[in-house]
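What follows is a single structure, written as C-alpha cells, with notes after it.
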Amino acid sequence: MCRKPELEIQIIRSGKRKYKITQTLDWYPSKLSSILNGSYKPSSMEQEDLCKVLGCRIEEAFPSGKKEVV
C-alpha cells in the first residue's frame, strides 16, 4: 500500500520506471520504496533531487498536508 499517493501519481505522470528513477539518483531501489510506503522521510535535498528527475514541483509530490481552516 502506498502512503504517498501524490508521489506515486507524479512517478506515473513522469512515465519513468521506478528502477530508472533510482538509477538516475544513484539510490538503492529500497530507498524509493521506503519513501513511498512512509517508512523513510526524505531530506529536502532528496525531495528536490527526486522532483527534478520526475519533472514536478516539490509541492506536487510532497504536499505539506496542512489544510487552511475557514
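Using 0.36 nm per residue and subtracting the Cα-Cα separation, the extra length available between Lys18 and Met45 on full extension is 7.8 nm.
For the chain, what is the calculated [θ] at 222 nm in deg cm²/dmol (nearest 500), taking -39500 (n - 2.57) for each run of four or more DSSP H residues and dividing by its residue count? Can you show the working numbers first?
On the way: 5 runs with 42 residues, N = 70.
Estimated from H runs of four or more residues: -16500 deg cm²/dmol.
Taken along its principal axes, the alpha carbon cloud of the chain reaches lengths of 44, 24, 23 Å, longest axis first. Considering only alpha-carbon pairs that sit under 8 angstrom and 6 or more positions apart, the relative contact order computed for segment 1-63 is 47 percent.
If only the Cβ of Lys and Arg carry +1 and only the Cβ of Asp and Glu carry -1, the dipole of segment 1-53 around its Cα centre is close to 220 debye.
Throughout, read-outs are computed from the coordinates displayed, never taken from laboratory work. All values derive from a computational prediction rather than experimental measurement. Cβ atoms come from the backbone with ideal geometry, glycine included; neighbour counts cover every protein chain shown.
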